[in-house]
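The structure appears right after this line, and notes come after that.
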Amino acid sequence: MADVSTVKRTADQKMGKTVEALNADLHKVRTGRAHTGILDHLQVDYYGNPTPLNQVANVSVLDARTLGVAPWEKNMVAAVEKAIRDSDLGLNPAAVGEVVRVPMPPLTEERRKDLIKVVKREAENARVAVRNIRRDANHELKELLKSKTISEDDERRAQDEIQKMTDRHVAEIDKALADKEADLMAV
């Protein structure tokens, strides 16, 4: 059976992973600015095998609204361009010599508001996940108390610490949301 420190450590790790997952999801939400992370999940047909884009090309930011994708093999330019065009990102790449230029279209006001709704929903899901982890940890503490492995004082103290942990992670989620909202509303 677990002890108090294991319960707290596990809860902290799970909460941390929830915040990391939210940050990764928010990273994928496209703002009007060029960002190499936007293309991270794309797969390119590399001699018949779907391969992550970053394994066949170098992705860089050319300017505030343009990405440059330079395939390591000249014959991959068309495949890279096709993969970006066929993605769900709504981008329109153009091959210029051995580099694929990917201009980022500016976001409309309506699209920004839709994206803000999406990031708020993601943040709320992360908050709920953190609270569920707190609930599970408190349940484990009650089981330890019931089996007389820990005292009531230890349980109360551990619950307070888990609550502080929860508050800290929820604050991180709120900050990530506020940063992303500001990023989306910046023109």
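A quick yes/no check of all residues on (1) among the β-branched types (V, I, T); (2) modelled with pLDDT under 90:
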| residue | (1), (2) |
| --- | --- |
| V96 | yes, yes |
| V100 | yes, yes |
| P105 | no, yes |
| T108 | yes, yes |
| E124 | no, no |
| I133 | yes, no |
| H139 | no, no |
| T149 | yes, yes |
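Scoring V61 on the criteria (1) surrounded by fewer than 20 Cβ atoms within 10 Å (Cβ to Cβ); (2) among the aliphatic types (A, V, I, L, M); (3) over 29 Å from L184 (Cβ atoms) leaves a single failure, condition (3).
Of the residues T66, T6, T51, the single one that is free of Cβ contacts under 8 Å to residues at least 40 places away in the same chain and either aliphatic (A, V, I, L, M) or under 24 Å from V119 (Cα atoms) (or both) is T66.
Got at least one residue in region 97-111 being in contact (Cβ under 8 Å) with a residue 12 or more places away in the chain and part of a helix (DSSP H, G or I)? No, that holds for no residue. Can you tell me how many residues in region 17-30 are crowded, with 16+ Cβ neighbours inside 10 Å and assigned to a loop (DSSP other than H, G, I, E, B)? Number satisfying all stated conditions: 1.
Exactly one residue among A129, A178, A137 is at negative phi, exposed (fewer than 13 other Cβ atoms within 10 Å of the Cβ) and assigned to a helix (DSSP H, G or I), and that residue is A178.
The values are calculated or read from the model by the stated rules, or taken from the named source; none is laboratory data. Not measured: the values here are computed from a predicted model. Cβ: placed from backbone, ideal geometry, glycine included. Neighbour counts: every protein chain shown.
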